[in-house]
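*Asks:* Next up is a structure, given as structure tokens.
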Amino acid sequence: MKIAAIQMVSGTSVPANLETARELLAEAQAQAQGAELAVLPEYFCVMGVKDTDKLKVQEKSGSGLIQDFLSRSARELGLWIVGGTLPTATRDTGRVRNSSLAYAPSGACVARYDKMHLFKFAQGQEDYDESRVLDPGTQPVRFELASRDGHIYTIGMSICYDLRFPELYRALRADLLLVPSAFTYTTGQAHWELLLRARAIENLAYVLAAAQGGVHENGRRTWGHSMVVGPWGEILAQQAEGACVVMGEMQGARLQQVRKRLPALNHRVL
């Protein structure tokens, strides 16, 4: 199954970001033996100037410009699309959830995961605290995807900072782990590749990481390096920065081979 990580450098305009996302999704679908699954990065729809800018574009679950875009794109392109993340409404008008939504080629939303671990980092002029405007999710989420190669894959959902919490990925018990992200340049340079490869190795699973990558309108620089990682920890495809499509292939036979050769998942004690 061909899979694609969509890398973006999103700005402050939702319509402009959606236009770019559509072009990249179409590119993923059009490539040789086009992608069946494409994942957009965290906050593909907007990278605001302030944390509170998320509140201005929040959507109620099931309706809104961004969700309509994802559903329509999945249907028109015949793709499974995971819409990186978008801000979804809570009962508190001053807070949102950071939600990743999965759409089938029919246009139906088949899964929603709300980011459980909220990022906080302070170093010099860098100061991030997602808990200022975000409410955390409470449950791991996965869904099943029946691919054209005859396999039914279990897809585990996560978002960015979740990557530092291996217990989440153990709980997912997935064949493919999705990591839409907007890693800072500082933390990405230090840990991004190491963490992605570790999660693949620990879970003998493929990892598809779609990132924001470049300098944004708000002055923030994200690390990028969207990649596809195989179940043995090998990097199958990668792109450093800039808007692009990073393609890889997930092979059911390879997954079974690795898990049979090293049955570590069956040896778990805790």
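*Asks:* Take the residues of the stretch 62-75 that are under 21 Å from Glu144 (Cα atoms) and of a type outside the set (A, V, I, L, M): which is surrounded by the fewest Cβ atoms within 10 Å (Cβ to Cβ)?
*Replies:* This residue is Gly62.
*Asks:* Now for a different question. Working only within the stretch 31-53, note down all residues that are of a type in the set (D, E, K, R) and surrounded by 24 or more Cβ atoms within 10 Å (Cβ to Cβ). Give the derivation first.
*Replies:* From the stretch 31-53, those of a type in the set (D, E, K, R) are 36, 42, 50-51, 53; that's our starting set.
Answer for the stretch 31-53, where residues must be of a type in the set (D, E, K, R) and surrounded by 24 or more Cβ atoms within 10 Å (Cβ to Cβ): just Glu42.
*Asks:* Can you find a residue that is assigned to a strand (DSSP E or B) and either at pLDDT 95 or above or more than 18 Å from Val46 (Cα to Cα) (or both) anywhere in the stretch 130-141? Can you show your working first?
*Replies:* Just the residues of the stretch 130-141 that are assigned to a strand (DSSP E or B), to begin with: 134.
If we keep only those that are either at pLDDT 95 or above or more than 18 Å from Val46 (Cα to Cα) (or both) too, we end up with 134.
Yes, some residue in the stretch 130-141 is assigned to a strand (DSSP E or B) and either at pLDDT 95 or above or more than 18 Å from Val46 (Cα to Cα) (or both).
*Asks:* I'd like to check something: does the stretch 68-87 contain any residue that is polar (S, T, N, Q), under 22 Å from Glu23 (Cα atoms) and touching a helix residue (DSSP H, G or I) at 6+ places or on another chain (Cβ under 6 Å)?
*Replies:* Just the residues of the stretch 68-87 that are polar (S, T, N, Q), to begin with: 71, 73, 85.
With the extra rule that they be under 22 Å from Glu23 (Cα atoms), the set shrinks to 71, 73, 85.
Filter again for touching a helix residue (DSSP H, G or I) at 6+ places or on another chain (Cβ under 6 Å), leaving 73.
Checked the stretch 68-87: at least one residue is polar (S, T, N, Q), under 22 Å from Glu23 (Cα atoms) and touching a helix residue (DSSP H, G or I) at 6+ places or on another chain (Cβ under 6 Å).
*Asks:* Out of the stretch 248-270, which residues are within 30 Å of Cys45 (Cβ to Cβ) and either touching a helix residue (DSSP H, G or I) at 6+ places or on another chain (Cβ under 7 Å) or not aliphatic (A, V, I, L, M) (or both)?
*Replies:* Of all residues in the stretch 248-270, those within 30 Å of Cys45 (Cβ to Cβ) come to 248-250.
Passing the criteria: Gly248, Glu249.
*Asks:* Name the residues in the stretch 34-52 that are within 26 Å of Asp127 (Cβ to Cβ), at pLDDT 95 or above and acidic (Asp, Glu), would you?
*Replies:* Residue satisfying the conditions is Glu42 alone.
*Asks:* Is it the case that some residue within the stretch 62-79 is within 15 Å of the chain's Cα centre (by Cα) and touching a residue at least 40 places away in the same chain (Cβ under 8 Å)?
*Replies:* Filtering the stretch 62-79 down to residues within 15 Å of the chain's Cα centre (by Cα) leaves 70.
Still in the running and touching a residue at least 40 places away in the same chain (Cβ under 8 Å): none.
No, the stretch 62-79 has no match at all.
*Asks:* Please go through the stretch 36-56 and give me each residue that is more than 17 Å from Ile159 (Cβ to Cβ) and among the hydrophobic types (A, V, I, L, M, F, W, C), ordered by number.
*Replies:* Listed by number, the residues that qualify are Val49, Leu55.
*Asks:* Has the stretch 155-166 got at least one residue that is of a type in the set (A, V, I, L, M, F, W, C) and part of a strand (DSSP E or B)? So that I can check it myself, show each step before the final result.
*Replies:* Start the filter on the stretch 155-166 by keeping residues that are of a type in the set (A, V, I, L, M, F, W, C), which leaves 155, 157, 159-160, 163, 165.
Those still in the list that are part of a strand (DSSP E or B) too: 155, 157.
Within the stretch 155-166 (the criterion being of a type in the set (A, V, I, L, M, F, W, C) and part of a strand (DSSP E or B)), the answer is yes, since at least one residue qualifies.
*Asks:* Another question, then. State which residue is farthest from Pro166 (Cα to Cα) when the search covers only the stretch 81-127 and only residues that are aromatic (Phe, Trp, Tyr) and either exposed (fewer than 15 other Cβ atoms within 10 Å of the Cβ) or touching an Asp or Glu at 6+ places or on another chain (Cβ under 6 Å) (or both).
*Replies:* Phe121
*Asks:* Something else now. If we keep just the residues of the stretch 167-202 that are hydroxyl-bearing (Ser, Thr, Tyr) and assigned to a helix (DSSP H, G or I), which is nearest to Tyr43 (Cα to Cα)? First the steps, then the outcome.
*Replies:* Start the filter on the stretch 167-202 by keeping residues that are hydroxyl-bearing (Ser, Thr, Tyr), which leaves 169, 181, 184-187.
Imposing the further condition that a residue be assigned to a helix (DSSP H, G or I) reduces the set to 169, 185-187.
Details: Tyr169: 21, Tyr185: 16, Thr186: 19, Thr187: 18 Å.
Step by step, filter the stretch 167-202, then rank; the result is Tyr185.
*Asks:* With the checklist (1) touching a residue at least 40 places away in the same chain (Cβ under 8 Å); (2) touching a Ser or Thr at 6+ places or on another chain (Cβ under 8 Å) in hand, flag the one item Ala205 doesn't pass.
*Replies:* So the condition that Ala205 fails would be (2).
*Asks:* Can you name the residue in the stretch 137-161 that is of a type in the set (A, V, I, L, M) and surrounded by 15 or more Cβ atoms within 10 Å (Cβ to Cβ) and, of all such residues, is farthest from Leu86 (Cα to Cα)?
*Replies:* First, pick out the residues of the stretch 137-161 that are of a type in the set (A, V, I, L, M): 141, 145-146, 152, 155, 157, 159.
In the following step, the residues that additionally are surrounded by 15 or more Cβ atoms within 10 Å (Cβ to Cβ) were identified as 141, 145, 155, 157, 159.
Details: Val141: 16, Leu145: 22, Ile155: 19, Met157: 14, Ile159: 11 Å.
Ranking the candidates gives Leu145 first.
*Asks:* Moving on to the next point. Can you list residue pairs whose Cβ atoms sit under 8 Å apart, with the first residue in the stretch 228-249 being under 25 Å from Gly11 (Cβ atoms) and the second being surrounded by fewer than 16 Cβ atoms within 10 Å (Cβ to Cβ)? Count only pairs 6 or more apart in sequence or on different chains.
*Replies:* That search, which allows pairs on different chains as well, returns Val245/Gln31; Met247/Gln31.
*Asks:* Also, quick follow-up: Considering each of Arg170, Arg164, Arg197 in turn, give the residue that is buried (at least 18 other Cβ atoms within 10 Å of the Cβ), of a type in the set (Lys, Arg) and modelled with pLDDT of 95 or more. Step through it out loud before you land on a result.
*Replies:* Values: Arg170 fails: buried (at least 18 other Cβ atoms within 10 Å of the Cβ); Arg164 fails: buried (at least 18 other Cβ atoms within 10 Å of the Cβ).
Step by step, each of Arg170, Arg164, Arg197 is checked, and only Arg197 is buried (at least 18 other Cβ atoms within 10 Å of the Cβ), of a type in the set (Lys, Arg) and modelled with pLDDT of 95 or more.
*Asks:* Moving on. What tally of residues in the stretch 209-248 results from selecting those that are surrounded by fewer than 19 Cβ atoms within 10 Å (Cβ to Cβ) and among the acidic types (Asp, Glu)?
*Replies:* 2
*Asks:* Just for the stretch 3-22: of the residues that are in contact with a Leu (Cβ under 9 Å, 6 or more places away or on another chain) and not in a helix (DSSP H, G or I), which one is surrounded by the most Cβ atoms within 10 Å (Cβ to Cβ)? Walk me through how you get there before you give the answer.
*Replies:* Just the residues of the stretch 3-22 that are in contact with a Leu (Cβ under 9 Å, 6 or more places away or on another chain), to begin with: 3-8, 14-15, 18, 21-22.
Retained after the next criterion (residues that are not in a helix (DSSP H, G or I)): 3-8.
On the way: Ile3: 27, Ala4: 29, Ala5: 32, Ile6: 29, Gln7: 29, Met8: 30.
Across the stretch 3-22, the extreme among qualifying residues is Ala5.
The values are calculated or read from the model by the stated rules, or taken from the named source; none is laboratory data. If you're wondering where the values come from, they're calculated on a predicted model, not measured in any experiment. As a convention, Cβ positions derive from the backbone with ideal geometry for all residues, glycine included, and neighbour counts pool all protein chains shown.
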